[in-house]
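Dumping the structure here so I can ask a few things about it.
Just so it is clear, none of the values below were taken in a lab; they were calculated from the coordinates. Computed from a predicted model, the values in this text were never measured in an experiment. Positions of Cβ are generated from backbone atoms using ideal geometry, with glycine treated the same way; all protein chains shown enter the neighbour counts.
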Amino acid sequence: MLHLLVAVVFMSLEPLIRLRDNLTSVVKGKPEAIEATIIAVLAGGSILMEDAPGTGKTTLARALAQSLALSFQRIQFTPDLLPGDVLGGSIFLPNEGRFSFRPGPIFCQVLLADEINRASPRTQSALLEAMGEQQVTIEGQRHRLEQPFFVLATQNPVEFQGTYPLPEAQLDRFLALISLGYPDAETEVEILFSQQTAQPLDAIGPVMTAEELLTWRRRVQETPVSKEVARYAVDLVRETRTDARVRLGASPRASLMLFRAAQAAAVFSGRTYATPDDVQRTARFVLPHRLQLAGQGRAASAARRLVIEDVIARVPVPV
C-alpha cells in the first residue's frame with residue numbers, strides 16, 4: 001500500500017518535474033531561481049527579475065511560456081511608452097465609419113515587461129489592475145484577461161540613469177523577487193557549447209496545458225496550513241516592521257502571498273500540507289523587495305536579504 005501511495009504521488013508530480021527539467025535545460029546552474037519561479041507560478045503570482053543584462057531573464061520567461069503552452073508577449077519598456085501601448089484602445093475605421101477596439105500586448109497569458117523601470121510611473125501603473133485583479137479597464141470598459149495570466153518583469157539593479165523606480169504599491173504586487181546572477185566558470189563554458197549549433201529554446205516543448213496549470217493552482221489553494229504555521233508566516237512579516245534597519249516593513253498582502261507561496265512550496269515538494277520550512281524557503285524571495293531600509297537606496301538588495309535572514313533567525317519556529 002505504501003509503495004502504491006508513493007507511486008501515485010510521484011506520478012502526480014511528473015508535470016512539475018518536467019517543467020523544472022525544461023527550465024533547467026535552458027537556464028543552467030540556477031536551481032534555486034528556477035524553483036522560486038515554479039513556486040510563484042503555482043501560487044498564481046507575478047515575478048520581478050532583478051539582474052544584470054545577459055544573465056538569462058528573457059530566456060527563462062520564454063522557456064516558461066513554451067513549457068506551459070501559454071500565449072506570450074514581450075514589451076520593451078522605454079520612457080516614451082504610453083499606457084495605450086500596453087493596454088490597447090479604440091481606433092477609427094474610416095471605411096466602416098466606426099471605432100474598433102484593438103487589444104494591446106497585455107492581452108496574453110505570460111507578459112514579459114522588459115526593463116519595467118525605464119517606463120514612466122503612469123505607464124508602470126497600467127499593469128497594476130492586471131496584476132491585482134486579472135482584468136484591465138480601458139475607456140470605461142472592463143476586459144477580463146485570459147487565465148492563467150501573470151507578469152514577469154525585469155529591471156537592472158545597478159543602472160539608474162533614465163529610470164523610474166517602481167513605487168511600493170507596484171512592488172507589492174509581485175509575489176517573488178528572483179535574481180539569476182552570473183554563472184560559475186564551468187556552467188558558463190557549458191552555456192557556450194549548448195548554443196554552438198542550436199538554440200536550446202527550440203527544443204522546449206509543452207509539459208502541461210493552461211487548464212492543467214489552473215488545476216495545479218486549485219490544488220495549491222486547497223493545501224492545508226495549520227494555524228501555527230500560518231501564525232509563523234504572520235510573525236515573520238510583522239518582525240520586518242519592527243527591525244531598526246527597516247523604514248517600511250512588509251504589508252498584510254505580503255502575509256497573504258507568503259501563505260500562498262508556502263502552500264505552493266509544499267505541493268512542489270510532494271507534500272499534502274505546508275510546514276515552517278516552506279514558509280522559510282519562500283520568505284527569502286517573497287519578502288525582500290517589500291522592505292524599505294532606513295538611509296539606503298532602492299539598490300540595497302543584499303541588505304534587504306540580510307534583514308530577512310536575520311528575521312528568520314530571530315522568530316521562533318513552531319514545533
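Which helices count as membrane-span-like in the chain under these terms: full DSSP H, at least 30 Å along the axis by C-alpha, Kyte-Doolittle mean of 1.6 or more?
none
Please give the peptides 13-22, 166-175, 203-212, 132-141 ranked by average Cβ packing (other Cβ atoms within 10 Å per residue), highest first, as a rough proxy for protection.
166-175, 13-22, 203-212, 132-141
To make sure I understand, if each residue's beta carbon is the centre and we count other beta carbons within 10 Å, what order do VAL234, VAL151 fall in, fewest to most?
Exposure proxy ranking, most exposed first: VAL234, VAL151.
Give me the number: length gained by fully extending ASP310 to PHE101, i.e. 0.36 nm times residue separation minus the C-alpha to C-alpha distance, one decimal in nm.
70.1 nm
Give me the one-decimal nm value for the distance between modelled label points at THR137 and ASP184, 7 Å along each residue's Cα-to-Cβ direction.
My value for the distance between the label points is 5.2 nm.
Expressed as a whole number of Å, what is the distance separating the alpha-carbon centroids of region 27-83 and region 159-229?
5 Å
Sticking with this structure for a sec: Pull up all non-local amide H partners of SER46: gap of 5 or more, or a different chain, and H-to-H distance under 5 Å with H placed in the peptide plane.
Sorted by chain and number, the residues that satisfy this are VAL151, LEU175, ALA176.
Sticking with this one: Region 215-275: which trypsin sites (Lys or Arg not before Pro) are DSSP loop and have at most 16 other beta-carbon atoms within 10 angstrom?
Qualifying residues, ordered by number: ARG241, ARG245, ARG271.
Also: For the pair THR272/PHE92, report the inter-label distance in nm, with labels modelled 7 Å from Cα in the Cβ direction.
Taking the two extended label points, one gets 6.4 nm.
If I stretch the segment between SER25 and SER226 completely, what's the gain in nm (0.36 nm per residue apart, minus their alpha carbon distance), one decimal?
Value of the extension gain: 68.7 nm.
Let me ask something else about it. Once the piece of chain linking ALA302 and ARG245 is laid out straight, how much longer is it, given 0.36 nm per residue of separation minus the C-alpha distance between them?
Gain in length upon complete extension: 19.2 nm.
Turning to a different aspect of this structure: Can you bin the chain into rounded, prolate or oblate? Criterion: square roots of the alpha carbon gyration tensor eigenvalues sorted a ≥ b ≥ c, rounded for a/c under 1.5, prolate for a/b above b/c, oblate for the rest.
Rounded is the answer for the chain, as its axis ratio a/c remains below 1.5.
Next question. At SER125 and ASN156, where each label point lies 7 Å from the Cα along Cα→Cβ, what is the point-to-point distance in nanometres?
Taking the simple label geometry, SER125 and ASN156 are separated by 2.7 nm.
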